[in-house]
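A.B. asks: Here it is, the structure, as structure tokens.
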Amino acid sequence: MNLNGAHLHLILNHFPFIGTLFASLVIGFGLLRKSESIQRVGLVLFVLTGMLTIPAFLTGEPAEDVLKKFPNFSKDFIHPHEEAAEKMVWLMWVTTAFAAFVYYRMVKMGRPLRRGIEIVLVLALIVLGAAAWVNSLGGMIQHPETRETPQ
């Protein structure tokens with residue numbers, strides 16, 4: 001099997017959504033349980049997810065290059081996906097940096113930073129919505145059944 005840019009993008013593009021969902025659930029559970037260790041795990045999971053967003057984003061252009069070779073290629077569905085992905089990635093990186101900062105402060109201070117963790121959770125939920133939108137737009141590129149009207 002020859003892994004090309006499209007294969008890699010399809011493998012990696014689910015991590016931002018699934019990782020953010022999982023990290024958000026862990027952070028929320030940690031807040032409910034008032035467990036600093038669970039909160040820390042959630043923050044680390046979110047930072048790891050943010051790091052996995054980089055290769056998912058960087059494989060987008062190589063995936064597009066593969067699609068351009070197909071006779072029915074149209075930029076009509078790729079362009080909105082690209083634009084949304086760029087915005088989501090910036091939001092993800094800002095949230096990742098803040099989550100890393102909150103984790104660092106927790107370790108340095110030796111106590112939970114409830115307000116900081118709550119802010120990370122709110123930002124993570126916004127990232128989750130953005131990632132869902134990006135994934136939805138990406139699905140429309142090669143899955144006509146996800147489009148509102150057949151094209």
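A.B. asks: For segment 44-78, how many residues are among the small types (Gly, Ala, Ser), surrounded by fewer than 19 Cβ atoms within 10 Å (Cβ to Cβ) and closer than 25 Å to Phe101 by Cα? Steps first, please.
C.D. replies: First, pick out the residues of segment 44-78 that are among the small types (Gly, Ala, Ser): 50, 56, 60, 63, 74.
Applying the additional criterion that residues be surrounded by fewer than 19 Cβ atoms within 10 Å (Cβ to Cβ) yields 74.
This time we only want the ones that are closer than 25 Å to Phe101 by Cα, so: none.
The total comes to 0.
A.B. asks: Just for segment 3-43: of the residues that are polar (S, T, N, Q) and more than 30 Å from Lys69 (Cβ to Cβ), which one is surrounded by the most Cβ atoms within 10 Å (Cβ to Cβ)?
C.D. replies: Here the answer is Thr20.
A.B. asks: Something else about it: Would you be able to tell me the number of residues in segment 22-51 that are of a type outside the set (A, V, I, L, M) and within 13 Å of Val107 (Cα to Cα)? Please lay out each step first, then the result.
C.D. replies: If we filter segment 22-51 for residues that are of a type outside the set (A, V, I, L, M), which is where we start, we get 22, 24, 28-30, 33-37, 39-40, 42, 46, 49-50.
Filter once more, keeping what is within 13 Å of Val107 (Cα to Cα): 36-37, 39-40.
Qualifying residue count, segment 22-51: 4.
A.B. asks: Could you please let me know if Val134 is surrounded by 20 or more Cβ atoms within 10 Å (Cβ to Cβ), assigned to a helix (DSSP H, G or I) and touching a residue at least 24 places away in the same chain (Cβ under 8 Å)?
C.D. replies: Judged against the criteria, Val134 is a match.
A.B. asks: Taking Glu86 as the residue in question, decide whether it is within 22 Å of Pro16 (Cβ to Cβ), surrounded by fewer than 16 Cβ atoms within 10 Å (Cβ to Cβ) and out of contact with any strand residue (DSSP E or B) (no Cβ under 7 Å at 6 or more places or on another chain). I'd like the intermediate steps shown before the answer.
C.D. replies: On the way: within 22 Å of Pro16 (Cβ to Cβ): yes; surrounded by fewer than 16 Cβ atoms within 10 Å (Cβ to Cβ): yes; out of contact with any strand residue (DSSP E or B) (no Cβ under 7 Å at 6 or more places or on another chain): yes.
In short, yes.
A.B. asks: Here's another thing I want to ask about it. Starting from segment 89-101, take each residue that is more than 23 Å from Arg111 (Cα to Cα) and list its partners that are of a type in the set (A, V, I, L, M), counting only C-beta distances under 7 angstrom and pairs at least six apart or across chains.
C.D. replies: Correct list of pairs: Leu91/Ile126; Leu91/Val127; Leu91/Ala130; Met92/Val127.
A.B. asks: Can I ask one more? Taking segment 69-86, which residues are among the hydrophobic types (A, V, I, L, M, F, W, C) and either within 19 Å of Leu45 (Cβ to Cβ) or assigned to a loop (DSSP other than H, G, I, E, B) (or both)?
C.D. replies: Result: Phe70, Phe73.
A.B. asks: Now a separate question. Can you say whether Val127 is of a type in the set (Val, Ile, Thr), free of Cβ contacts under 8 Å to residues at least 60 places away in the same chain and in a helix (DSSP H, G or I), as far as the supplied structure shows?
C.D. replies: Values: of a type in the set (Val, Ile, Thr): yes; free of Cβ contacts under 8 Å to residues at least 60 places away in the same chain: no; in a helix (DSSP H, G or I): yes.
Taking the combined requirement at face value, the residue does not satisfy it.
A.B. asks: For Val26, all conditions in the list (1) at pLDDT 95 or above; (2) closer than 16 Å to Ser136 by Cβ hold save one; what is the number of the exception?
C.D. replies: Only one criterion in (1) at pLDDT 95 or above; (2) closer than 16 Å to Ser136 by Cβ is unmet by Val26, namely (2).
A.B. asks: Which one of Val66, Val102, Val89 is in a helix (DSSP H, G or I), of a type outside the set (Phe, Trp, Tyr) and over 22 Å from the mean Cα position of the chain (by Cα)?
C.D. replies: Val66
A.B. asks: Which residue, of Leu91, Leu137, Leu113, is out of contact with any Phe, Trp or Tyr (no Cβ under 6 Å at 6 or more places or on another chain), of a type in the set (A, V, I, L, M) and modelled with pLDDT of 95 or more? Quick ask: steps written out before the conclusion?
C.D. replies: On the way: Leu137 fails: modelled with pLDDT of 95 or more; Leu113 fails: modelled with pLDDT of 95 or more.
The match here is Leu91.
The values are calculated or read from the model by the stated rules, or taken from the named source; none is laboratory data. This one's a predicted model, so the numbers in the text were calculated from it and none came from an experiment. As a convention, Cβ positions derive from the backbone with ideal geometry for all residues, glycine included, and neighbour counts pool all protein chains shown.
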